[in-house]
Amino acid sequence: MDNPQHEFEERRDRALAMGGPARLDRRRASGVLNARERLALLFDAGRFDEVGLFATAERPEDRHRTPADGKVVGFGEIEGRRAGAVSNDMTVLGASSSTVNARKIAYAKDVALKNGLPLVFLGESSGGRIQDNMGARGMGASSWDPQQYVRTRETPWASAVLGPCFGSSAWYTCMADYAVMRKGAVLAVASSKVTSQAIGQFVDAEELGGWEMHAEVTGLVDQFVDTDEEAIAAIREFLSYMPSHAGEAPPRRSGKAPATDPRTLEDIVPLDRAKVYSMYKVIDAIVDAGSFFDLKRRFAPSLITGLARLDGQTVGIMANNPAKKGGAVDYDACDKAISFLVLCDSFHIPVIQLVDQPGFLVGVQGERRGMPAKIMSNIQALQMCTVPKLSVVLRKSYGAAYVNMGGGRNSDDFSVWNRAEVSFMDPGIAVAIAHGVDRGTDPEKFAELRTKVEADNSPYEIAGMFAAQSVITPAMTRDHLVSALAVHTRARTNGLGRRRLADWPYR
Amino acid sequence: MSKTKDIRSSLTGTVWKIDASVGDSVSEDDPVVTLESMKMEIPVGAPLDGVITEILVTENDLVEEGQVIARMSV
């Protein structure tokens with residue numbers, strides 16, 4: 001071309017036009033943002049430094065119709081901190097994974113790693129681009145990087161599931177430290193079209209990988225929202241708790257009083273150990289107001305995991321929830337605990353355990369899945385976790401789960417409420433097994449024996465042998481935790497742990 | 001358009017009491033059935049907002065984890 005300036009502008013405008021006005025209009029009509037609108041929302045206003053704007057497909061016949069080759073990559077600022085992003089452009093060959101756009105993703109990962117930047121994936125892709133991947137040469141040309149799917153969690157990754165996510169968008173979501181999904185989007189290995197061809201199973205996309213399945217069954221996604229805008233806001237919020245990279249501690253904010261007066265804790269938690277209550281109310285009376293960021297709420301709901309701020313400091317809350325399964329830790333709850341510990345240990349986030357649990361959930365369902373090994377994996381993760389761990393037993397902690405929830409020297413600070421009990425099993429079960437007396441057959445004898453057994457479970461017994469550092473009243477809980485955090489600072493390493501869980505597998 | 005959502009027992013236990021009736025409008029987490037298990041009274045809550053359309057258990061029934069104990073339209 002004779003005029004380089006004109007050529008530059010024409011090529012730039014063509015790339016910025018993405019898959020063309022018709023496709024973009026269809027998206028707009030359905031209320032879904034396009035790849036560039038999403039980036040504009042993700043980053044602070046005014047700046048997005050794009051790389052690969054002029055990248056196109058490898059195959060000559062596809063080059064004219066693959067602006068940015070379907071994946072928009074670049075860097076900007078999120079709340080004043082630098083970060084990178086990959087935004088899938090569904091209007092360009094379904095944002096399918098190709099030889100060239102795989103290089104763009106690899107570049108973004110490399111830059112993020114070398115420079116300590118969080119990385120965001122805005123997922124919506126149809127899977128591998130068939131014409132690039134078919135045949136032995138196609139396969140030989142792809143998967144060229146033997147470290148492509150290895151993470152050592154050096155910088156935080158966040159992913160949004162914003163449409164059909166097959167192939168790379170599914171993989172990167174599962175590799176990320178945090179994932180949010182717009183209801184109506186789909187996350188699966190392959191589309192229902194592939195499923196029906198391969199195994200003759202005809203399922204709709206929602207059943208194959210819709211939000212309810214990921215919320216309740218797989219736990220692969222942390223949060224669910226109704227719009228693209230909410231998903232992007234959630235990612236910005238997640239990153240506000242995180243350090244930019246693993247070489248620094250999480251950012252601090254000024255502290256706030258909790259939403260609920262800590263003096264009400266005494267009434268929130270019933271004395272009767274058979275009664276349930278919502279642990280969310282307890283959390284609201286401990287952490288800074290409005291700071292609790294709940295992760296995987298519907299998955300394994302007997303265990304709550306989430307980020308929060310305590311007097312301005314990022315902490316991880318891991319709490320039994322008696323309102324669900326009585327707070328009993330089951331197989332999925334162990335998985336949930338492990339993935340949360342991995343997040344906290346990788347990014348120097350102290351873990352606070354709020355304990356009220358009746359023991360591991362026993363029964364054939366868990367045993368069939370290999371519950372004993374899962375319990376050991378949970379304990380292994382807890383014992384390898386090097387960030388400060390603070391535990392408070394509110395009402396009861398029974399059995400082996402006592403260890404998984406921070407007992408037995410598995411916390412830097414282990415405290416018990418003045419009405420809590422700790423024991424090998426529920427006193428009622430112990431009386432029935434050891435004395436052969438149950439509530440139905442001999443209620444008087446049962447009550448007498450139960451009272452005797454309970455006397456041994458006193459918080460002052462465990463504090464007396466210094467297996468607990470403190471006995472506290474419910475109202476003291478927040479202040480106690482703030483003070484304990486001020487002691488357990490890991491100051492010798494500027495608040496950094498050893499990140500022994502940073503190499504843990506994705507699931 | 002409303003769809004049917006199964007309400008499944010969250011764990012194995014005995015039905016202690018039925019908290020909701022067919023036709024009740026319920027919000028997410030409202031108790032539908034309370035089980036006795038792990039020496040506790042454990043509610044099985046509505047998974048979403050909706051209306052109860054069927055109750056499939058009675059008091060003292062033994063239910064398994066995952067068993068459909070009621071249905072709702074959402």
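Screening the range B:53-67 for residues that are within 14 Å of another protein chain (Cβ to nearest Cβ) and not polar (S, T, N, Q) and picking the one that is farthest from A:Tyr331 (Cα to Cα) gives B:Leu62. Hey, could you check the range A:324-341 for residues that are in contact with a helix residue (DSSP H, G or I) (Cβ under 7 Å, 6 or more places away or on another chain) and among the hydrophobic types (A, V, I, L, M, F, W, C) and say which is nearest to the other protein chains (Cβ to nearest Cβ)? In this case the residue turns out to be A:Val329.
Restricting attention to the range A:459-494, the residues being buried (at least 18 other Cβ atoms within 10 Å of the Cβ) and either at positive phi or hydroxyl-bearing (Ser, Thr, Tyr) (or both) number 1. Looking across the range A:236-262, the residues that are among the small types (Gly, Ala, Ser) and under 22 Å from A:Ala45 (Cα atoms) come down to A:Ser240, A:Ser244.
In summary, A:Val437 fulfils each of the numbered conditions (1) more than 14 Å from chain B (Cβ to nearest Cβ); (2) farther than 14 Å from A:Lys452 by Cα with the single exception of condition (2).
Consider B:Asp6 carefully, then state whether it is acidic (Asp, Glu), more than 19 Å from A:Gly327 (Cβ to Cβ) and in contact (Cβ under 8 Å) with a residue 60 or more places away in the chain. Yes.
Quick check on the range A:444-452. Is at least one of its residues under 25 Å from B:Lys39 (Cα atoms) and within 40 Å of the chain's Cα centre (by Cα)? There is no residue in the range A:444-452 that is under 25 Å from B:Lys39 (Cα atoms) and within 40 Å of the chain's Cα centre (by Cα).
When you look at B:Ala46, is it more than 13 Å from chain A (Cβ to nearest Cβ), over 17 Å from A:Gly363 (Cα atoms) and either hydrophobic (A, V, I, L, M, F, W, C) or buried (at least 18 other Cβ atoms within 10 Å of the Cβ) (or both), yes or no? Considered against the rule, which asks whether it is more than 13 Å from chain A (Cβ to nearest Cβ), over 17 Å from A:Gly363 (Cα atoms) and either hydrophobic (A, V, I, L, M, F, W, C) or buried (at least 18 other Cβ atoms within 10 Å of the Cβ) (or both), B:Ala46 comes out as no. Consider the range B:18-39 and keep the residues that are among the aliphatic types (A, V, I, L, M) and either in a loop (DSSP other than H, G, I, E, B) or in contact with a Pro (Cβ under 6 Å, 6 or more places away or on another chain) (or both). The one that is surrounded by the most Cβ atoms within 10 Å (Cβ to Cβ) is B:Met38. When you scan the range A:406-423, do you find a residue that is within 14 Å of chain B (Cβ to nearest Cβ) and either at negative phi or out of contact with any His (no Cβ under 6 Å at 6 or more places or on another chain) (or both), even just one? Yes: the range A:406-423 contains one or more residues that are within 14 Å of chain B (Cβ to nearest Cβ) and either at negative phi or out of contact with any His (no Cβ under 6 Å at 6 or more places or on another chain) (or both).
What about A:Glu266, is it in contact with a Phe, Trp or Tyr (Cβ under 8 Å, 6 or more places away or on another chain), touching a residue at least 12 places away in the same chain (Cβ under 8 Å) and part of a helix (DSSP H, G or I)? Here the answer is no, as A:Glu266 does not meet what is asked.
Whether a residue is among the polar types (S, T, N, Q) and surrounded by 16 or more Cβ atoms within 10 Å (Cβ to Cβ) was assessed, and B:Thr58 does not pass this test. Checking A:Phe224 against (1) farther than 23 Å from A:Arg81 by Cα; (2) outside the structural domain of A:Val387 (by TED's automatic domain parsing); (3) part of a loop (DSSP other than H, G, I, E, B); (4) within 21 Å of the chain's Cα centre (by Cα), which single condition isn't satisfied? Among (1) farther than 23 Å from A:Arg81 by Cα; (2) outside the structural domain of A:Val387 (by TED's automatic domain parsing); (3) part of a loop (DSSP other than H, G, I, E, B); (4) within 21 Å of the chain's Cα centre (by Cα), A:Phe224 violates only (3). As a summary of the residue check, A:Ala455 satisfies the conditions (1) exposed (fewer than 14 other Cβ atoms within 10 Å of the Cβ); (2) closer than 17 Å to A:Ala401 by Cα; (3) not β-branched (Val, Ile, Thr) except for the one numbered (2). Is there a residue in the range A:72-90 that is more than 29 Å from the chain's Cα centre (by Cα) and on the phi < 0 side of the Ramachandran plot? No. Residue under question is A:Asp456, and the condition is that it be among the charged types (D, E, K, R) and within 12 Å of another protein chain (Cβ to nearest Cβ); does it hold? Here the answer is no, as A:Asp456 does not meet what is asked.
Selection of the range B:4-15 for residues being at the interface with chain A (Cβ under 10 Å from one of its Cβ atoms) and part of a strand (DSSP E or B) yields B:Lys5, B:Arg8, B:Gly13. Taking (1) in contact with a Pro (Cβ under 8 Å, 6 or more places away or on another chain); (2) surrounded by fewer than 21 Cβ atoms within 10 Å (Cβ to Cβ); (3) among the hydrophobic types (A, V, I, L, M, F, W, C) in turn, A:Phe292 satisfies each apart from (1).
Of the helices (runs of 4 or more DSSP H) lying entirely inside the range A:1-64, those carrying at least 2 residues that are within 23 Å of A:Phe238 (Cβ to Cβ) are A:35-42.
Considering only residues that are among the hydroxyl-bearing types (Ser, Thr, Tyr) and in contact with a Phe, Trp or Tyr (Cβ under 6 Å, 6 or more places away or on another chain), which ones fall in the range A:339-365? Across the range A:339-365, there are no qualifying residues. Restricting A:Arg409, A:Arg419 to residues that are surrounded by fewer than 14 Cβ atoms within 10 Å (Cβ to Cβ) and within 17 Å of A:Val355 (Cβ to Cβ) narrows the list to A:Arg409. Across the range A:336-390, the number of residues qualifying as surrounded by 20 or more Cβ atoms within 10 Å (Cβ to Cβ) and either within 17 Å of the chain's Cα centre (by Cα) or assigned to a loop (DSSP other than H, G, I, E, B) (or both) comes to 27. Under the condition of being at pLDDT below 95, closer than 17 Å to A:Val351 by Cα and among the β-branched types (Val, Ile, Thr), the residues counted in the range A:401-430 number 1.
Per the listing A:Leu303, A:Leu265, A:Leu343, the residue uniquely at pLDDT 95 or above and farther than 19 Å from A:Ser397 by Cα is A:Leu343. Out of A:Ala85, A:Ala29, one residue alone is in the same structural domain as A:Gly167 (by TED's automatic domain parsing), free of Cβ contacts under 8 Å to residues at least 60 places away in the same chain and surrounded by fewer than 23 Cβ atoms within 10 Å (Cβ to Cβ). It is A:Ala29.
Restricting A:Ala486, A:Ala447, A:Ala455 to residues that are free of Cβ contacts under 8 Å to residues at least 12 places away in the same chain and within 20 Å of A:Pro350 (Cα to Cα) narrows the list to A:Ala486.
For residues that are more than 12 Å from chain B (Cβ to nearest Cβ) and in a helix (DSSP H, G or I), scanning just the range A:269-289, find the one that is surrounded by the fewest Cβ atoms within 10 Å (Cβ to Cβ). So the residue we want is A:Lys281.
The values are calculated or read from the model by the stated rules, or taken from the named source; none is laboratory data. Since the model is a prediction, treat every value here as computed from it, not as a measurement. Note that we place each Cβ from the backbone using ideal geometry, even for glycine, and neighbour counts take in every protein chain shown.
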